Amino acid sequence: MPTKLMKLSRFIFIILLLLCFFECKKKVVDKLQFEKEVINNVFVEIVDSIYMDRRTILPPPMPGIDFNTNKKDTIGYNDELKKYNREQDSIKKDKTKILLGVDDLVEKIGGFDKEQFIENCQKFECIYDKSKEVENFKLDLAFFKKNKKFNFQYLSKFPAVNLWDLDDKKSSMPVGAIWISRIQFNKIKTRGILSATAACGGGKCGRGFLIMIENKSGKWKIKKIIHTWVS
């Protein structure tokens, strides 16, 4: 009889252990799924607020010097300025979707702005989850396929961003690139903070941001954007 009781106790213990394991695993999956849904809600708004377009990032041309007279070449400059303005006007009127390269992964938290991230996370009453410093996940761009303004494609389809030609305005390469990080939430999951990066390629332009988001009336929206670095 004691042997049977021991076997039964062991069996019950194993069952309880398995139930506990699956319950914990379910909570982790639920948390990750929630984070993915929040990203799906705010991703386009974030991109629209921070993206860089290499076709429009360069300033108007500066006047050249006529070395025969040692004076500004106003005729040549006016022609160049007119050409520049025509190109910019054409880009603004173009209804073609803007092609942007997006990092395949929602990145783990780290990099230049980690310190600012942690500081602002505390200010925004978020709970800092250290597991998000080591774990990332794939961003599902299929969710944004029907977006009318942007054509999002994974960066892995293209050469490294720093090799892009900044002066190339007509190729099938993306006009800019976007990276986003994992989100840290407050206890009741009505607020969150993440970092994001935008670049226009060529290794000549990049910007970093901290983005505070908030759930108002069931919809996640950007509350505040902090510009953290420029390269």
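The values are calculated or read from the model by the stated rules, or taken from the named source; none is laboratory data. Being a predicted model, the structure only gives us computed values, none of them experimental. Backbone-built Cβ (ideal geometry, glycine too); neighbour counts: all protein chains shown.
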For this session: Determine the pairs where a residue that is in contact (Cβ under 8 Å) with a residue 60 or more places away in the chain and surrounded by fewer than 19 Cβ atoms within 10 Å (Cβ to Cβ), located within the range 112-126, has a partner that is outside any loop (DSSP other than H, G, I, E, B) and charged (D, E, K, R) with Cβ atoms under 7 Å apart, the partner being 6 or more residues away or on another chain.
Result: Glu125/Arg191
Exercise. Consider Trp229 against the criteria (1) modelled with pLDDT of 95 or more; (2) within 21 Å of Pro59 (Cβ to Cβ): it satisfies all of them except one. Which criterion is unmet?
Worked result: (1)
For this session: List every residue pair whose Cβ atoms lie under 6 Å apart, where the two residues are 6 or more positions apart in sequence or sit on different chains, the first residue falls within the range 58-84 and is within 30 Å of Ala199 (Cβ to Cβ) and charged (D, E, K, R), and the second residue, located anywhere, is surrounded by 12 or more Cβ atoms within 10 Å (Cβ to Cβ) and modelled with pLDDT of 75 or more.
Result: Glu80/Pro61
Exercise. Of all residues in the range 209-218, how many are in a strand (DSSP E or B) and either aliphatic (A, V, I, L, M) or at pLDDT below 95 (or both)?
Worked result: 5
For this session: Would you confirm whether any residue within the range 55-73 is modelled with pLDDT of 80 or more and over 17 Å from Asp168 (Cα atoms)?
Result: no
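Quick check on the range 129-165: of everything there that is among the charged types (D, E, K, R), farther than 21 Å from Ile193 by Cα and in contact with a Gly (Cβ under 9 Å, 6 or more places away or on another chain), which residue is surrounded by the fewest Cβ atoms within 10 Å (Cβ to Cβ)?
Taking the range 129-165 as the starting set, the residues that turn out to be among the charged types (D, E, K, R) are 129-130, 132-133, 135, 138, 140, 145-146, 148-149, 157, 165.
Remaining after also requiring farther than 21 Å from Ile193 by Cα: 145-146, 148-149, 157, 165.
Retained after the next criterion (residues that are in contact with a Gly (Cβ under 9 Å, 6 or more places away or on another chain)): 157, 165.
Numbers: Lys157: 9, Asp165: 11.
Top of the filtered list is Lys157.
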For this session: Taking the options Tyr84, Tyr51, Tyr77, name whichever one is surrounded by 13 or more Cβ atoms within 10 Å (Cβ to Cβ), more than 27 Å from Gly176 (Cα to Cα) and of a type in the set (Phe, Trp, Tyr).
Result: Tyr77
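Got at least one residue in the range 185-192 being of a type in the set (Ser, Thr, Tyr), over 22 Å from Lys97 (Cα atoms) and surrounded by 23 or more Cβ atoms within 10 Å (Cβ to Cβ)?
Here is the first cut: in the range 185-192, the residues of a type in the set (Ser, Thr, Tyr) are 190.
Filter once more, keeping what is over 22 Å from Lys97 (Cα atoms): 190.
This time we only want the ones that are surrounded by 23 or more Cβ atoms within 10 Å (Cβ to Cβ), so: none.
No, the range 185-192 contains no residue that is of a type in the set (Ser, Thr, Tyr), over 22 Å from Lys97 (Cα atoms) and surrounded by 23 or more Cβ atoms within 10 Å (Cβ to Cβ).
Could you pull out every one of the strands (runs of 3 or more DSSP E) wholly within the range 137-206 that has 2 or more residues that are more than 27 Å from Lys224 (Cα to Cα)? I'd like the intermediate steps shown before the answer.
Numbers: elements: 150-154, 176-180, 191-199.
Qualifying strands (runs of 3 or more DSSP E): none found.
Against the condition in contact with a strand residue (DSSP E or B) (Cβ under 7 Å, 6 or more places away or on another chain), crowded, with 22+ Cβ neighbours inside 10 Å and polar (S, T, N, Q), how does Ser231 come out, does it pass?
Numbers: in contact with a strand residue (DSSP E or B) (Cβ under 7 Å, 6 or more places away or on another chain): yes; crowded, with 22+ Cβ neighbours inside 10 Å: no; polar (S, T, N, Q): yes.
It is false that Ser231 is in contact with a strand residue (DSSP E or B) (Cβ under 7 Å, 6 or more places away or on another chain), crowded, with 22+ Cβ neighbours inside 10 Å and polar (S, T, N, Q).
Looking at Phe158, Phe150, Phe185 in this structure, which one is of a type outside the set (Val, Ile, Thr) and out of contact with any Lys or Arg (no Cβ under 8 Å at 6 or more places or on another chain)?
Details: Phe150 fails: out of contact with any Lys or Arg (no Cβ under 8 Å at 6 or more places or on another chain); Phe185 fails: out of contact with any Lys or Arg (no Cβ under 8 Å at 6 or more places or on another chain).
On inspection, the qualifying residue turns out to be Phe158.
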